Amino acid sequence: MKQIPAPLWTLTIGVIVTLVSLWVGFNNDWLPEQASAQSVLVDNFFNVMVVIGTALFLVVEGTIVYCMVQFRRRKGDDTDGLAIDGNLPLEAFWTAIPAVIVIGLGIYSVQIFQDMGGFAPGDQVHEHGTRLAQASTAPLGDLTAAEVDEALLAQSVYGIGAPLDKEGQAADLEVNVAGMQYAWIFTYPNSGIVDGELHVPVNADVKLNISANDVIHSFWVPQFRLKQDAIPGKETELRFVATKPGTYPVVCAELCGGYHGAMRTQVIVHSPSEFNNWLEQRTAQAETGTAETVAINPADLTDADYLAPYGKAAGVESHLLAHLSD
Amino acid sequence: MAQANITGEMIGNSFPHPDKWKWYHYFTFNVDHKVIGIQYLVSAFFFYLVGGAMALVMRAELATPSSDLVDPNFYNALLTNHGTIMIFLWIVPGAIGGFGNYLVPLMIGARDMAFPKLNALAFWITVPAGLLIVGSFFFGGAQSGWTSYPPLSLITANTAQSMWILAIVCAGTSSILGALNFIITIWKMRVPSMGWNDMPLFCWAILATSLLALFSTPVLAAGLVLLLFDINFGTSFFRPENGGDVVMYQHLFWFYSHPAVYLMILPIFGIMSEVIPVHARKPIFGYKAIAYSSLTICIIGLFVWVHHMFTSGTPPWMRMFFTVSTLIVAVPTGVKIFSWVATLWGGKIRYTSAMLFAIGLLAMFVFGGLSGVTLGTAPVDIHVHDTYYVVAHFHYVLFGGSVFGIYAGLYHWFPKITGRMLNEPLGKVHFILTFIGTNLTFLPMHELGLKGMPRRVAMYDPQFQYINIICTIGAFVLGLSILPFLINAIWSWSNGPKASGNPWNAKTLEWTTDSPPIIENWDVLPVMTEGPYAYGEEPAEVSS
Amino acid sequence: MQGAIEPTSDTAAVAEAHHEEHHDFRVIGLITFLCSEFLMFAGFFVIFLVYRSAAAEWPPEETEIELLLPAINTIILVASSFVIHYGDTAVKQNNVKGLRKWYAITAAMGAIFLAGQIYEYMNLGYGLTTNLFSNCFYLLTGFHGLHVFIGLLLILGVLWRSRREGHYGAEKHTGVEMAEIYWHFVDVVWIVLFSIIYLLTLV
Ligand code: HEA
Ligand code: HEA
Ligand code: CUA
Ligand SMILES: [Cu+2]
């Protein structure tokens, strides 16, 4: 050890820590599949933080382990350690470095947040419901224009709005989402379709107007990296672009009662033509009145029944599920 | 109003030996700060076992994806009261009430706290809090999480929810009374030879904690009173159908409950600053930086609460402001961490059980803190909020931090408190089991959360079962880890080898009196002749 | 390594110091506590102001408030804060009679304030549960009223104790002082409360 000069050691350790951290940051598979435009932004940011976090972790833990070995009391040695009680430059250094890191991360998060559309919720609030409308779940119908404006004044919309490049533009598709114990109801205002699952076309700019009928719920699609609470008495929205056809879980993330864990459904991302087929089919059904029931109360189901939707997503056979819940 | 002076008149004119306190004195309204400290510690530990038992039932339920062990509503009652008990009846009373009361007067050379009767009152108020929580189970138990967000908390299990509110109000009152007592004791009752900068760092930590408790707890009380009125007296503060605003409750709640997490860690940081120098035989590195960073954390900590509400009804500017303020907390916390590591550097580390827990804490808290930083940024928090990633974060800081810190403190001060030494080999077994158990239980939860498992669910997607089973096994290892400690503590309390006044050769004032200390702490008040961390200053002497 | 702290050997000096070290911290204790209490009120005030700013009409039409009576009440309460101070000054000059007189007047004013409040409640024509405004109104004024009531009890307690010869005097009046501080606190809270509930309706 004595022969190798200290700077060389530091350099080597520095290079190794950097390489390991970069590797961990960009090769971990802790996050689920990326299925929305926003998820790419979030994941990059997360991975940068993993790199920084891993580096800090390795340095701090490495030093602890080094101390534990190097500075352990040897047998028969009852003396004290060195009487060092501070070192101003060193302390300034380890205050400044984290400060620089967190300021950098702060700026970076504002950037990402803006790219995701975080600064633009409620862009076109005038076109939709107001709090009054929502609280009574009645249409705006019998309010005068002045009353509507007044209600709007007192009400803002929260959530994720149009991403930077779409600011001020209307979304391609709008869906009203209502959360209730313990189901999600999706209403397509333009076609009048009501469904228990969310269907959207791929690569379209979709806007969800989220509301809650009873308690707070939270609309979450892990593969989209997006989540927004559904709050009684408040209007929230979530705007996203799904980038990959497929079926993804919609999870309720806010405790909403005993069957909170069973409040799940799916979002189905279609190719544009598939989506149009679905629209036509459902519009036809709506006219003939054969729409299936959408709200089910999980409290009335058996274990196997409420596990069934999970089974589909996880590729588990239903007889296995029945077996599981014995 | 409590009388300020404790004098010979109250406990006899001489300074009687602790033999005078019989076991039943510990069940009375005793005003001796050491008795109160022990009352807090023992009752808090009891509630830790209760809360831990609830956690074990929860983990057993989560071993399978379906809800088969307990009713899902009961599961919610378990998780609500697990969180509540662990926070309000274990960490806060244990770390602040227990160690704070026992040690602060001893460390600053005072005979008691400034208001001994108020102190006893503060302890006894926690008793109804505990009874209310336990009693609420006869009414189904509060089921809306320890956060109790309305409207859910307004419509589920009303009686139990009301009892829960009253319990928290009791615990909060106790904590306010305790806080004001600490502030005045530390401010006014130090021995004359002790300046602010000669004060042990534990006292700084308790001072900072107390200021925080004093200013944030009443706001929670306000929120809870409103909730109580909504449930029982027909008001609509948080009833959206009548214009109430449910998000306002979240602001009031988190304005307290974010600082509450610092209430749970700052006293622990204080314990760290005492334990590490003694067992590393080195002066604490950067005394002033550690002392003042506690105050910095308090002040910044008052302005970060919205990071719990990033997905709630929160306007964009708020999300960004609170992202930045949250990140800044990492700086003063980092200062402490680095200072402790620097204290280890160049020391002669004794691997006592106390030191093992302190180093274990250091290792795990860093991990929990770093995951906290990722949560602090709104874009990432939007994905992981209300998932097991958050559960993993806060168990790392709360279990790997606070609980490890309390254990370190217990091993360190047990000889002082009981006059007996603990058994070291058993302590090491305890440490190893706890360390393995903690990481086994809580490390995998990060992945669960990132992959998509929400928290507070009794039934979950079967694809997560494997990871959950690991967590459950870890939890039972933790359950097992309690045994060596309990055996050790109970056996050593009566049969352990006798401890001298200063078994660790430490330099803070509590070690200048007998173990256990006599009733008014010293026959003759001590005088500080050197700093509390003046290790290694004499030229090295070689002893046999 | 033993010599970290040497106990002083002069026991006599210490025995004396032992008596000196017991200062009476009750007054600063109370002030610290009141800081904390104030934050609870601050929580309520914030709630009130937030709801006010979010409402289209505040107070709503059917729950208007009366201004005259509360204004009179305010004058009484603010005046009582001066009155109680005379009592404190008196006792510091060893004038227990004066203390009793001024404290009795304060108590009477406090009682009038409470009576006025109850009269107001009975004549408003709406109750706690009528709407969000009335929720806030009754909660804030009621909570403050509770504090006035406690302050009143403290003052009566002082009066009760002052009957005993030599219980209070120029050197011994901590209880008197504490009751006074508490009363000032109640007063300050009321001024804020009056401003945001009543005066703000004027703008
Ligand atoms: C002891 C308790 C404790 C402590 C100390 C902390 C510390 C921190 N916590 Fe944690 N937290 C909780 C207990 C605690 N937390 C609890 C109980 C919850 C959940 C509540 C609930 O919803 O039920 C929670 C939830 C929680 C959330 C909300 C998550 C959500 O619900 O979506 C957030 C978000 O910002 C957060 C952030 C932080 C941060 C930034 C810190 C920081 O203080 C951490 C600082 C420490 C470090 C950063 C490590 C050491 C520093 C260095 C090595 C220096 C270099 C570092 C950098 C430059 C980054 N915490
Ligand atoms: C200091 C705080 C603290 C501590 C120490 C712990 C300790 C533990 N917690 Fe805790 N936990 C919280 C604070 C804490 N928790 C909070 C605040 C929440 C959030 C609640 C909410 O969402 O509202 C939470 C939530 C929470 C969850 C999430 C529940 C959910 O969201 O669905 C889980 C799941 O695994 C869990 C597990 C555990 C485990 C296994 C331990 C273990 O470490 C416990 C180890 C201890 C023991 C195992 C005791 C052993 C005792 C015996 C074996 C015998 C018993 C004897 C008698 C009763 C006499 N906790
Ligand atoms: Cu809906 Cu949870
Ligand atoms: Cu927080």
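Things to note:
- Criterion: within 14 Å of chain A (Cβ to nearest Cβ) and over 16 Å from the mean Cα position of the chain (by Cα) - qualifying residue of B:Phe229, B:Phe253, B:Phe215: B:Phe253
- Residue match in region B:71-85 (condition: within 14 Å of chain A (Cβ to nearest Cβ), without any contact (Cβ under 8 Å) to a residue 12 or more places away in the chain, more than 16 Å from ligand 4 (Cβ to nearest atom) and open to solvent by 10 Å² or more (accessible area, probe 1.4 Å)): yes
- Restricting attention to region B:415-450 and to residues that are touching a strand residue (DSSP E or B) at 6+ places or on another chain (Cβ under 9 Å) and open to solvent by 20 Å² or more (accessible area, probe 1.4 Å), the residue that is farthest from B:His33 (Cα to Cα) turns out to be B:Met421.
- Inclusion of A:Val51 among residues that are touching a Phe, Trp or Tyr at 6+ places or on another chain (Cβ under 8 Å), surrounded by 12 or more Cβ atoms within 10 Å (Cβ to Cβ) and under 21 Å from B:Gly368 (Cα atoms) is warranted.
- Pairs where the first residue, in region A:95-121, is touching a residue at least 60 places away in the same chain (Cβ under 8 Å) and within 9 Å of chain B (Cβ to nearest Cβ) and the second is within 15 Å of ligand 1 (Cβ to nearest atom) and open to solvent by less than 70 Å² (accessible area, probe 1.4 Å), C-beta under 6 Å, 6+ apart: A:Ser109/B:Thr323; A:Ser109/B:Thr377; A:Ser109/B:Pro379; A:Ile112/A:Phe45; A:Ile112/B:Pro379
- Some residue of region B:278-293 being assigned to a helix (DSSP H, G or I) and near ligand 1 (Cβ under 10 Å from one of its atoms): no
- With respect to being surrounded by 19 or more Cβ atoms within 10 Å (Cβ to Cβ) and either at pLDDT below 90 or not assigned by TED's automatic domain parsing to the domain that holds A:Ala242 (or both), A:Val110 fits the description.
- Counted residues, region A:231-263 - those being more than 16 Å from ligand 2 (Cβ to nearest atom), at the interface with another protein chain (Cβ under 7 Å from one of its Cβ atoms) and not in a strand (DSSP E or B): 4
- For region B:292-315, a residue qualifies if it is crowded, with 22+ Cβ neighbours inside 10 Å and more than 16 Å from ligand 4 (Cβ to nearest atom), and the qualifying residues are B:Ser293, B:Ser294, B:Gly313.
- Residue within region A:55-74 that is within 10 Å of chain B (Cβ to nearest Cβ), aromatic (Phe, Trp, Tyr) and either touching a residue at least 60 places away in the same chain (Cβ under 8 Å) or buried (at least 16 other Cβ atoms within 10 Å of the Cβ) (or both) present: yes
- When region B:450-488 is filtered for residues that are within 9 Å of chain A (Cβ to nearest Cβ) and either under 20 Å from B:Phe404 (Cα atoms) or within 16 Å of ligand 4 (Cβ to nearest atom) (or both), only B:Arg455 remains.
- The number of residues in region B:288-328 that are free of Cβ contacts under 8 Å to residues at least 60 places away in the same chain, within 11 Å of chain A (Cβ to nearest Cβ) and farther than 23 Å from A:Met49 by Cα comes to 4.
- Selection of region B:227-239 for residues being surrounded by 24 or more Cβ atoms within 10 Å (Cβ to Cβ) and either in a helix (DSSP H, G or I) or touching a Lys or Arg at 6+ places or on another chain (Cβ under 8 Å) (or both) yields only B:Leu227.
- Scanning region B:352-392 for residues that are under 23 Å from A:Gly106 (Cβ atoms) and among the small types (Gly, Ala, Ser) turns up B:Gly368, B:Gly369, B:Ser371, B:Gly372, B:Gly376, B:Ala378.
- Residue match in region B:332-353 (condition: open to solvent by less than 20 Å² (accessible area, probe 1.4 Å), touching a residue at least 40 places away in the same chain (Cβ under 8 Å) and farther than 27 Å from B:Trp204 by Cα): no
- C:Gly98 being open to solvent by less than 50 Å² (accessible area, probe 1.4 Å) and without any contact (Cβ under 8 Å) to a residue 12 or more places away in the chain: no
- Region C:59-71, subset open to solvent by 40 Å² or more (accessible area, probe 1.4 Å) and touching a helix residue (DSSP H, G or I) at 6+ places or on another chain (Cβ under 7 Å), residue modelled with the highest pLDDT: C:Leu69
The values are calculated or read from the model by the stated rules, or taken from the named source; none is laboratory data. Since this is a predicted model, take the numbers as computed values, not measurements. With ideal geometry, Cβ positions are generated from the backbone for all residues, glycine too; neighbour counts draw on all protein chains shown. Each accessible area value is taken on the protein alone, full model and side chains, heavy atoms only, with ligands, DNA and RNA left out. Shrake-Rupley method; radii C 1.70, N 1.55, O 1.52, S 1.80 Å.
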